[in-house]
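These notes concern the structure reproduced below.
The values are calculated or read from the model by the stated rules, or taken from the named source; none is laboratory data. Everything numeric in this text was worked out from a predicted model, so none of it was measured. FYI the Cβ positions are ideal-geometry reconstructions off the backbone, even for glycines, and counts take in every protein chain you see.
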Amino acid sequence: MAILQLKEVSYAYNQDNKVIKNISLDILSEDFWALVGANGSGKTTLAKILTGIFQPLDGQYLIDGKNSRKITLGELGTQIGFVQQNSIKQFFTSSVNQEIAFGLKNRKVERTKIERTVKEILEYFSLEKHKESHPLTLSQGERKRLAVACMVVLKPKFIILDEPTAGLDRRNKGLMLDFLKKINQQDRIGIVVITHDLDWVSSYASKLAVLANGGIAYQGEIRKAFLQRQIWHDLQFPLPQIIEVSYKLHEKFNLPFCLDEQSLVRELKRVLGK
Amino acid sequence: MNDLDPRTKLTIILSLSSLTIIFDKFFLLCGLLLISILLTWITIGSYIAIVRILEKMWPLFLSLAITLTIFASFSEALTSILRIIIIAISALILTTTSPRDFIQALLSWRIPYEIAFMVMVATRFLFIFREEAKDTFLAVQMRGVEINKLKYKEKIELYISLLLPLVFSAISKAYKLAIAMEARGLRAYPQRSFFRQLRLKKIDYCLMASTILATVIVIFINI
């Protein structure tokens, strides 16, 4: 099992102002982490540290026990995939087919194997009908799926995604998150999603870290996080409606605390049925 | 020197660049290089920028030296490199001028506003282009490609494959910028007025006159 470890990591763009302060975090390849925080809380900086683009100023970042300073970005890219917020920046070929094959070609994989893998990946991410299209002609949702597909094809141990649901409608958001969950559970790829959108977190992620002022205000199980009301109150972070309703029902009628709509409906049916 | 009028700075740069392009005498070019280093150092107030630009350009110098020595002669390679260095170093003087003042300077020389603005945007665009290139190379590395470990042939193939999307992205950015400028009324009226006005001081007149005089003298002596 692979592991990413941040040990007392700090980072600053200029000496006086630390953007990331003494963060310690262990991420396993079986986890689906959501790193949540408001604008300016240091989420993207943390993502860039996790992907090796930035090196910590203080502390250590270990990838399977190896210090990030001793690993080149290209080497790190074989273990960690990064989907940037603006996925357009990640495309540099003229078709979806070529885009997915790019990483494999550079690893000198056999042509027949590349063709087979690309076909599989296109099917997996429902992008077959766009295989000849230019990546920049795809819709926002399809582009994001393609960006993830380009990473998944390389079979990394982790994929870090910066705001993957930003700009997506409800349907595409659901589609994208379903893919991520599938990748996490079937392919055993650790997923780390950087987001400010809490709506989907409770239904998809298994672990949560809440970033505030460059530090971690909470890290651990999702259920416990949502039960600790004070954290969210202090951060002035509005919780999803479903969590608010569920919490009120849990508090007033001692109903089990539910994290998603389906389980809440099920619980209500059970109680009302009585 | 930093407070000089942008027109004075432009005159100095134009004179140095013109002399550099007109003549290919080694000792003259060395003299021009010395003057450009001195002037840039005094204007910027530090030699670090000069060292940095030379550091960044050395792969270009090396490739020029090899190519020109093979296909022309060593002296041609040397003069070409000297010319590039002089123009690059003297152009650094402009980094001490704000883009607004730069436009004003060009306008006062009767250059149409659209063209002056285009020149300013183009200089800024170079930095954007550099950032784009950085992002692209980063994205390539994040796909597990170790650029440093690639063979020269593979590296060239990779760079060629990245060039097209880079140019495409730059053109698409330029197109979007043009729309944004039109939307903010860039050419709403044929004549523009400016609150900010440039005023030439005595030192500017003296420096401009002496630069032009020196340039003319050098041309006459060396022709």
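Structure notes:
- Given (1) crowded, with 16+ Cβ neighbours inside 10 Å; (2) under 15 Å from A:Ser41 (Cβ atoms), index of the condition A:Asp234 fails: (1)
- For B:Glu154, the criteria (1) within 14 Å of chain A (Cβ to nearest Cβ); (2) at pLDDT 85 or above hold in every case but one, which is (2).
- Members of the stretch B:162-194 that are modelled with pLDDT of 80 or more, of a type in the set (Ser, Thr, Tyr) and more than 17 Å from B:Leu126 (Cβ to Cβ): B:Tyr175
- Restricting A:Leu239, A:Leu211 to residues that are touching a Gly at 6+ places or on another chain (Cβ under 6 Å) and either loosely packed, with under 13 Cβ neighbours inside 10 Å or outside any helix (DSSP H, G or I) (or both) narrows the list to A:Leu211.
- One residue stands out in the stretch A:106-131 among those that are of a type in the set (Val, Ile, Thr) and without any contact (Cβ under 8 Å) to a residue 12 or more places away in the chain: the one that is nearest to the other protein chains (Cβ to nearest Cβ), namely A:Val109.
- Counting only residues that are hydroxyl-bearing (Ser, Thr, Tyr), within 8 Å of chain B (Cβ to nearest Cβ) and buried (at least 19 other Cβ atoms within 10 Å of the Cβ), the stretch A:79-100 holds 1 of them.
- Of all residues in the stretch A:1-30, those satisfying the criterion of being surrounded by 15 or more Cβ atoms within 10 Å (Cβ to Cβ), under 17 Å from A:Ala212 (Cβ atoms) and not aliphatic (A, V, I, L, M) are A:Ser10, A:Tyr11, A:Lys18, A:Lys21, A:Asn22.
- Considering each residue of the stretch B:185-197 in turn, none proves to be within 24 Å of the chain's Cα centre (by Cα) and of a type in the set (A, V, I, L, M, F, W, C).
For every residue, the table says whether it meets (1) touching a strand residue (DSSP E or B) at 6+ places or on another chain (Cβ under 9 Å); (2) within 26 Å of A:Gln5 (Cβ to Cβ); (3) modelled with pLDDT of 90 or more.
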position: A:Lys157; (1), (2), (3): yes, yes, yes
position: A:Pro164; (1), (2), (3): yes, yes, no
position: A:Asn172; (1), (2), (3): no, no, no
position: A:Lys181; (1), (2), (3): yes, yes, yes
position: A:Gln185; (1), (2), (3): yes, yes, yes
position: A:Ile189; (1), (2), (3): yes, yes, yes
position: A:His196; (1), (2), (3): yes, yes, no
position: A:Val201; (1), (2), (3): yes, yes, no
position: A:Val210; (1), (2), (3): yes, yes, yes
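- Residue count, the stretch B:99-149 (criterion: among the hydrophobic types (A, V, I, L, M, F, W, C), more than 14 Å from chain A (Cβ to nearest Cβ) and in a helix (DSSP H, G or I)): 16
- Looking across A:Leu180, A:Leu168, A:Leu161, A:Leu154, one residue alone is in a loop (DSSP other than H, G, I, E, B) and in contact (Cβ under 8 Å) with a residue 40 or more places away in the chain. It is A:Leu154.
- Test: residue in the stretch A:218-226 that is surrounded by 15 or more Cβ atoms within 10 Å (Cβ to Cβ) and basic (Lys, Arg): no
- Total residues in the stretch A:31-40, condition surrounded by fewer than 23 Cβ atoms within 10 Å (Cβ to Cβ) and at pLDDT below 90: 3
- Only listed residue being within 10 Å of chain B (Cβ to nearest Cβ) and out of contact with any Leu (no Cβ under 8 Å at 6 or more places or on another chain), chosen from A:Lys48, A:Lys66: A:Lys48
- Some residue of the stretch A:39-46 being farther than 12 Å from A:Gly214 by Cβ and either over 18 Å from the mean Cα position of the chain (by Cα) or of a type in the set (Gly, Ala, Ser) (or both): no
- Residue satisfying all of: in the stretch A:132-141; part of a helix (DSSP H, G or I) and surrounded by fewer than 20 Cβ atoms within 10 Å (Cβ to Cβ); nearest to the other protein chains (Cβ to nearest Cβ) among these: A:Leu136
Residue by residue, here is whether (1) within 12 Å of chain A (Cβ to nearest Cβ); (2) under 19 Å from A:Ser95 (Cβ atoms); (3) in a helix (DSSP H, G or I); (4) of a type in the set (Asp, Glu) holds:
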position	(1), (2), (3), (4)
B:Tyr159	yes, no, yes, no
B:Pro165	yes, yes, yes, no
B:Ser172	yes, yes, yes, no
B:Leu177	no, no, yes, no
B:Ala180	no, no, yes, no
B:Tyr189	no, no, no, no
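- Scanning the stretch B:1-35 for residues that are touching a Ser or Thr at 6+ places or on another chain (Cβ under 6 Å) and not in a helix (DSSP H, G or I) yields B:Met1, B:Asn2, B:Asp24.
- Candidate set: the stretch A:112-131, residues that are outside any helix (DSSP H, G or I) and not hydrophobic (A, V, I, L, M, F, W, C); chosen: the one farthest from A:Gln186 (Cα to Cα): A:Lys131
- Looking at B:Thr40, B:Thr69, B:Thr8, just one residue is over 23 Å from B:Ala105 (Cβ atoms), surrounded by 14 or more Cβ atoms within 10 Å (Cβ to Cβ) and of a type outside the set (Phe, Trp, Tyr), and that residue is B:Thr69.
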